[in-house]
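Encoded as structure tokens, the structure appears first; notes follow it.
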Amino acid sequence: MATARDTVLVLGSDVEGLAAAATLARAGKKVVLIERAERAGGIHAEREFHPGFRAGGLLHDAGLVRAALLAPLELERHGLAWRKRPVQIVVPSEDGRAFTLSRAPRELTGLPDESQAFERWSAFVARLEPLVQGLFDAPPPEISAPSPLELFDLARRALSLRGHGARFVQDLLRIAPSSAFDWLGECFTDPALQAALAAPALLGTCFGPRAPATSALVILQHAARGSEPEGGLAALARALEAAARAAGVEFRLGRAPRRILLDSSGVQGVELEDGERILAPALLSALDPKTTLLELLPASTLPPSLENAARSFRTRGAVASLALALSRAPEWAFATPDGQAVERVLTARSLLELERASDPWKYGEIPERPWLDLSLSHASPPAPQGAATLSVLVQGVPSAPKGGWNEAEREQLLAGIFAALERVAPGIRSSVLAHELLVPTDIERRFGLSGGHVFAGEIALDQLLITRPSLAFARYRTKIPGLFLGSAGSHPGGPFAGGAGILAARAIRG
Amino acid sequence: MASPRTSFWDAIVVGGGHNGLVCAAYLAKSGRKVLVLERRHVLGGAAVSEEIFPGFTYSVCSYVVSLLRPWIIRELELARFGLELIPLEASFLPLPDGRSLLRGSDAAQTLEEVSRFSRRDAETMPEFARAMSKIGQFVKPIIDSPAPDPASLAPRELLALLRLGRHFADASPDEMELRLKLLSMSAVDFLDEWFESDVLKGPMSVSGIIGTFLGVRSPGTAYVLLHHYMGEIDGAFRSWGFSKGGTGGVSRAIANAAQHHGAEMRTEAPVERILVADGRAAGVVLASGEEIRARAVVSGCDPRRTFLSFVGAEHLPDDFVADIRRYRYRGSSGKVNLALDRLPEFACRPGEGPHLRGDIAIAPGVDYLERAYDDAKYGTFSRRPYINVVIPSTVDPSVAPPGKHVMSCFVQYAPYEIAEGPERWPEKREAFGDAVVDTLAEYVPNLRESILHRQVLSPWDLEQEFGLAEGNIFHGELTLDQLSFLRPAAGFARYRTPLERLWLAGSGAHPGGGIMGAPGALCAKAMLQARAV
């Protein structure tokens, strides 16, 4: 294959990889995207796990996508629509009632005693939106040697906070490093509301709500939010693929990379598992940083300090996914406040429950009482009439339990999941036609994600912004000429989809 | 001397804990008339030595010294006034399987001991120590100066912030990354990057959680790890020591210095409230009804007692009261003091030796420590606790009769908020003491029969007897949201309080707890600079 000077290889076709490829192609680069699965989309791809039953991507929350960064790709022309009505998260309580929480805009329905407190809390978060959105829609601030422009921008943002008053700044500086347990405990009295606000921020971390700085994660989760694509992350991936193809990206599906080719001047291309070599002077990897730097680079390519930096990036998976093919829609044990249809359910009822559920992971034990993030969709033919797909996300699942992930461990996890499910949807077990359980090791194997981590790296304060994945690999560069990192393991990354790939692409494009 | 009612003091210090005493000493040294009022029969607060059992001197609460600022020792000439510090020789870790680890000042010997568990870790240790030391140098000026004020827009403050920012950023990328990690990571995650052996990570990570209600896997504990690495005694960085005569010796030396400069001390003089007149602190009222007036009042007590008990919410701004009410204590530790009729014998390393003359940690691995924390989160004391043991009588014969010993045990976790409610702690006290003794007996088989006397202090006891809110040994949790400019409340982190002429000098002020003396000294300096006395 001829080496075009402006060829860029992209590894991985999840939302980050697709967005990067489309961005580069539209900038005039020749882009070859390499994906080991037969279909594009990576962890965000829709998959048919049972005839007629499709699960739309592993992850449920599409409300943190970086719409501003995606805008230039004009995805509406490729089938993407944005939800007009926000997603309602339903939070049931013991007595058959439930309240709903929508997050963009922030609204609480069905919990009148907390509505004032919620408004106050919401107003606080709203003041942080410009700062957080700005931070997450741009490369991370370069703190060791900021350019004058960046310094000015940072100062401007910081001073704009000061415009809300000294008290606000003091509150922010006090709240951000605190635990969600303390902050939400202060703001609200309803335990299930406290849990509903904390739970999404804990997904992909190894913490419970008592951990310091979880308030910062809660703030980021809420302040970085915007509208959601209709059809979630799977729909976003589909539209991105269409846009990429329309821009001329060459897709090489069903092909796994074996190693990145280098010489003394930097990237030369990639060698695939079947031996084929594709040459290019630039490579953007949307595979997680550890896989990219430690498995695809020849041994001893990285100097010890960079190798340590790569190894230190923590990617211990903590999430499992269970897809259920149901013969009928769940019969919920609760009623929603306005009688609206149920799309998303959170089964956590208190911060205490979240905390207890976060303990077993630390010891490589399987959670007995997990809390669940549920997403319901309707199945399509050839599935039976009225059939449904329920996707379950379980936080706090160890990547390497003591006994390994054998049948016994899987059964144990399923038992805990179904116990939690039966509490909100009695009788659901009897309606299960088929299931697919993906524990972290399955996720690792299937999607090539180190540690089976759904966000390509743990979410923690020291693994965000300029240190995601490491200061040594700040801003998508790797110190190896031509090699760029643009996975969810870079900034903004995590659940803030569609940012890292595009920002990495811009770093190449210039 | 004139009667108290007519004499006029420059400053009254409420609470004779070590910070109050340091503040008094500095003020007296500058020629001010200072009166220290202490509720208990002995000065020192939680830095006290008491003969609870005849012939045996217990360092009842705090038991080792390290962070006492060298410049304070120098400026107050504490050695001249009786301060004598004996460095701890070693850190000993006995293990349930009969092995053990001894780390000390002899680098070669430490290397050899660690190598038995991990050759790689042994080789990494010097590099780690160097890195910690370097960061310690970076952190020291922050601890030894008043807190910045990021919410202010005053040019002087912005300049100070800029300097702080420069100070922080003045680092190679590697150092910068290390600093960022240290501020945000858990002790275990941080140590995982350096070491592989669980045996080493246990005792090393535990220094990150002393006095906090956090676990070794909690974010933010790597920073506190550094706090404990910053000990300096006799110029040797990172060493901890005993005070001759028990920890009370430190307080006595400071009190002696203060008295030498003319300060007066009264014990068994409990203050009931701070006198407020014309919106200012004007003196104090003792429980006896006696009123004593002063130009300024300094509190060495914790913020809750100071503002909500002594002053009263009605004299303070609402925001401030909310902040003080919200300020967290969450005592997490207890103390067990034992008088022994013989030297304890560890089955894994029998006989005498340097391993008994330093600190001994019951911390056999990270999971053990984390499970101890889990217990506390749900309202019980740890069934298998972390225990930090010292036997000061091995190097200081003044604290026990010949051949007999004092065993001082700091225990985590013992949560103030037990499920039954903190006031029920007295019912649980002995069971707690038993859990500690039972754990120790696994390592020292003949322990029980050698115990002549046992004193058990739960967080409730620390609160009731020593005035430490919720038994928190640092006058408030040392977490990022309660440090520096936020300690004890935003806008009031420089020893001034919203009540004019009232100052805060205890560990509830910057830079926080440990026997540092820094809050007391910095408060005095601030008062003198402001000509408040």
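The values are calculated or read from the model by the stated rules, or taken from the named source; none is laboratory data. Worth saying up front: this structure is predicted, and the values here are computed from it rather than measured. No Cβ is skipped: glycine too gets one built from the backbone with ideal geometry, and neighbour counts run over all protein chains shown.
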Select from the stretch A:371-386 the residues that are in a loop (DSSP other than H, G, I, E, B) and either within 14 Å of chain B (Cβ to nearest Cβ) or touching a Pro at 6+ places or on another chain (Cβ under 9 Å) (or both) and write down the one among them that is nearest to A:Ala192 (Cα to Cα). A:Ala383
Residue check, B:Glu268 farther than 30 Å from B:Arg531 by Cβ, of a type outside the set (A, V, I, L, M, F, W, C) and at pLDDT 95 or above: yes
For the stretch A:15-70, which strands (runs of 3 or more DSSP E) that fit wholly inside it have 1 or more residues that are buried (at least 24 other Cβ atoms within 10 Å of the Cβ)? A:30-35, A:53-56
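Taking the stated definitions as given, is A:Ala213 within 11 Å of chain B (Cβ to nearest Cβ) and more than 30 Å from A:Arg54 (Cβ to Cβ)? Quick ask: steps written out before the conclusion?
Numbers: within 11 Å of chain B (Cβ to nearest Cβ): yes; more than 30 Å from A:Arg54 (Cβ to Cβ): yes.
Here the answer is yes, as A:Ala213 does meet what is asked.
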Condition first: more than 23 Å from A:Val319 (Cα to Cα) and either free of Cβ contacts under 8 Å to residues at least 60 places away in the same chain or under 17 Å from the mean Cα position of the chain (by Cα) (or both). Now tell me which residues in the stretch A:28-52 satisfy that. A:Gly28
Determine which single condition A:Leu351 fails, assuming it passes every other condition in (1) surrounded by 20 or more Cβ atoms within 10 Å (Cβ to Cβ); (2) touching an Asp or Glu at 6+ places or on another chain (Cβ under 7 Å); (3) within 14 Å of chain B (Cβ to nearest Cβ). (2)
Suppose we filter B:Gly334, B:Gly249, B:Gly262 for residues that are in contact (Cβ under 8 Å) with a residue 40 or more places away in the chain, crowded, with 24+ Cβ neighbours inside 10 Å and within 23 Å of B:Ala524 (Cβ to Cβ); which single one remains? B:Gly249
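Filter the stretch B:167-190 down to the residues that are among the aliphatic types (A, V, I, L, M) and within 7 Å of chain A (Cβ to nearest Cβ), then identify the one that is farthest from A:Thr214 (Cα to Cα).
Initially, the stretch B:167-190 is screened for residues among the aliphatic types (A, V, I, L, M), giving B:169, B:171, B:176, B:178, B:180, B:182-183, B:185, B:187-188.
Narrowing the set further to residues that are within 7 Å of chain A (Cβ to nearest Cβ) leaves B:169, B:176, B:180, B:185.
Working: B:Ala169: 25, B:Met176: 23, B:Leu180: 17, B:Met185: 12 Å.
So the residue we want is B:Ala169.
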Matching residues, the stretch B:191-201, being in a helix (DSSP H, G or I) and at the interface with chain A (Cβ under 9 Å from one of its Cβ atoms): B:Asp192
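Looking at A:Pro105, A:Pro72, A:Pro86, which is the one that is at pLDDT below 95 and within 18 Å of A:Phe496 (Cβ to Cβ)? I'd like the intermediate steps shown before the answer.
Numbers: A:Pro105 fails: within 18 Å of A:Phe496 (Cβ to Cβ); A:Pro72 fails: at pLDDT below 95.
Selected residue: A:Pro86, the only one of A:Pro105, A:Pro72, A:Pro86 that is at pLDDT below 95 and within 18 Å of A:Phe496 (Cβ to Cβ).
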Please go through the stretch B:365-380 and pick out each residue that is more than 10 Å from chain A (Cβ to nearest Cβ), touching a residue at least 60 places away in the same chain (Cβ under 8 Å) and not hydrophobic (A, V, I, L, M, F, W, C). B:Gly365, B:Tyr368
Between a residue in the stretch B:102-114 that is charged (D, E, K, R) and any residue that is in a helix (DSSP H, G or I), which pairs come within a Cβ distance under 6 Å, given they are 6 or more apart or on different chains? B:Arg103/B:Thr110
So A:Ile366 ticks every box in (1) within 14 Å of another protein chain (Cβ to nearest Cβ); (2) free of Cβ contacts under 8 Å to residues at least 60 places away in the same chain; (3) buried (at least 22 other Cβ atoms within 10 Å of the Cβ) but one. Which box is left unticked? (1)
Scanning the stretch A:327-370 for residues that are farther than 20 Å from A:Leu101 by Cα, small (Gly, Ala, Ser) and not in a helix (DSSP H, G or I) gives A:Ser327, A:Ala329, A:Gly364
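One residue is enough: does the stretch A:110-126 have a residue meeting the conditions within 16 Å of A:Arg225 (Cβ to Cβ) and either part of a loop (DSSP other than H, G, I, E, B) or within 19 Å of the chain's Cα centre (by Cα) (or both)? Steps first, answer last, please.
So in the stretch A:110-126, the residues within 16 Å of A:Arg225 (Cβ to Cβ) come out as A:118, A:121-126.
Then drop every residue that is not either part of a loop (DSSP other than H, G, I, E, B) or within 19 Å of the chain's Cα centre (by Cα) (or both), which leaves none.
No, because not a single residue in the stretch A:110-126 is within 16 Å of A:Arg225 (Cβ to Cβ) and either part of a loop (DSSP other than H, G, I, E, B) or within 19 Å of the chain's Cα centre (by Cα) (or both).
Which fully enclosed helices (runs of 4 or more DSSP H) of the stretch A:136-203 have 3 or more residues being surrounded by fewer than 21 Cβ atoms within 10 Å (Cβ to Cβ) and within 14 Å of chain B (Cβ to nearest Cβ)? Reasoning before the result, please.
Working: elements: A:148-162, A:166-175, A:180-187, A:191-202.
So the answer is A:148-162, A:166-175, A:180-187.
Residues checked against (1) outside any strand (DSSP E or B); (2) in contact with a strand residue (DSSP E or B) (Cβ under 7 Å, 6 or more places away or on another chain); (3) assigned by TED's automatic domain parsing to the domain that holds B:Arg39; (4) modelled with pLDDT under 95:
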position	(1), (2), (3), (4)
B:Ala253	yes, no, yes, no
B:Ala296	no, yes, yes, no
B:Asp319	yes, no, yes, yes
B:Leu338	no, yes, no, no
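Does A:Arg328 satisfy the criteria of being surrounded by fewer than 23 Cβ atoms within 10 Å (Cβ to Cβ), of a type in the set (D, E, K, R), more than 23 Å from the chain's Cα centre (by Cα) and away from chain B (no Cβ under 14 Å)? Before the answer, list the steps.
Numbers: surrounded by fewer than 23 Cβ atoms within 10 Å (Cβ to Cβ): yes; of a type in the set (D, E, K, R): yes; more than 23 Å from the chain's Cα centre (by Cα): yes; away from chain B (no Cβ under 14 Å): yes.
For A:Arg328, the condition - surrounded by fewer than 23 Cβ atoms within 10 Å (Cβ to Cβ), of a type in the set (D, E, K, R), more than 23 Å from the chain's Cα centre (by Cα) and away from chain B (no Cβ under 14 Å) - is met.
Of A:Glu228, A:Glu250, which residue is touching a residue at least 40 places away in the same chain (Cβ under 8 Å) and either of a type in the set (Val, Ile, Thr) or touching a strand residue (DSSP E or B) at 6+ places or on another chain (Cβ under 6 Å) (or both)? So that I can check it myself, show each step before the final result.
Working: A:Glu228 fails: either of a type in the set (Val, Ile, Thr) or touching a strand residue (DSSP E or B) at 6+ places or on another chain (Cβ under 6 Å) (or both).
Residue meeting the stated conditions: A:Glu250.
Taking the stretch A:459-499, which residues are outside any loop (DSSP other than H, G, I, E, B) and within 14 Å of another protein chain (Cβ to nearest Cβ)? Don't jump to the end; show me each part of the working.
Taking the stretch A:459-499 and keeping what is outside any loop (DSSP other than H, G, I, E, B), we get A:461-463, A:465-467, A:471-477, A:483-485.
Residues satisfying the conditions are A:Leu461, A:Asp462, A:Gln463, A:Leu465, A:Ile466, A:Thr467, A:Leu471, A:Ala472, A:Phe473, A:Ala474, A:Arg475, A:Arg477.
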Filtering the stretch B:470-486 for residues that are over 14 Å from the mean Cα position of the chain (by Cα) and more than 10 Å from chain A (Cβ to nearest Cβ) leaves a count of 1
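Residue-wise test of (1) part of a helix (DSSP H, G or I); (2) surrounded by fewer than 24 Cβ atoms within 10 Å (Cβ to Cβ).
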site	(1), (2)
A:Ser227	no, yes
A:Ala234	yes, yes
A:Ala237	yes, no
A:Leu240	yes, no
A:Ala244	yes, no
A:Gly248	no, yes
A:Arg252	no, yes
A:Arg255	no, yes
A:Arg259	no, yes
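Give the residue, chosen from B:Ile387, B:Ile292, B:Ile360, B:Ile324, that is buried (at least 20 other Cβ atoms within 10 Å of the Cβ) and within 14 Å of another protein chain (Cβ to nearest Cβ).
On the way: B:Ile387 fails: within 14 Å of another protein chain (Cβ to nearest Cβ); B:Ile292 fails: within 14 Å of another protein chain (Cβ to nearest Cβ); B:Ile360 fails: within 14 Å of another protein chain (Cβ to nearest Cβ).
Result: B:Ile324 is the single residue among B:Ile387, B:Ile292, B:Ile360, B:Ile324 that is buried (at least 20 other Cβ atoms within 10 Å of the Cβ) and within 14 Å of another protein chain (Cβ to nearest Cβ).
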B:Leu35 versus (1) assigned to a loop (DSSP other than H, G, I, E, B); (2) surrounded by fewer than 24 Cβ atoms within 10 Å (Cβ to Cβ); (3) among the hydrophobic types (A, V, I, L, M, F, W, C): which is the lone unmet condition? (1)
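Looking only at the stretch A:298-308, decide whether some residue is assigned to a loop (DSSP other than H, G, I, E, B), surrounded by fewer than 22 Cβ atoms within 10 Å (Cβ to Cβ), among the β-branched types (Val, Ile, Thr) and out of contact with any Pro (no Cβ under 7 Å at 6 or more places or on another chain).
The first filter runs over the stretch A:298-308 and keeps only residues assigned to a loop (DSSP other than H, G, I, E, B), leaving A:298-303.
So of that shortlist, the ones also surrounded by fewer than 22 Cβ atoms within 10 Å (Cβ to Cβ) come out as A:298-303.
When the remaining residues are screened for being among the β-branched types (Val, Ile, Thr), the result is A:301.
From what is left, the residues that are out of contact with any Pro (no Cβ under 7 Å at 6 or more places or on another chain) are A:301.
Scanning the stretch A:298-308 turns up at least one residue that is assigned to a loop (DSSP other than H, G, I, E, B), surrounded by fewer than 22 Cβ atoms within 10 Å (Cβ to Cβ), among the β-branched types (Val, Ile, Thr) and out of contact with any Pro (no Cβ under 7 Å at 6 or more places or on another chain).
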Among the residues of the stretch A:266-282, is there at least one that is under 21 Å from the mean Cα position of the chain (by Cα) and crowded, with 17+ Cβ neighbours inside 10 Å? no
Output for the stretch A:473-500, where each listed residue is of a type in the set (Ser, Thr, Tyr) and at pLDDT below 95: A:Thr478
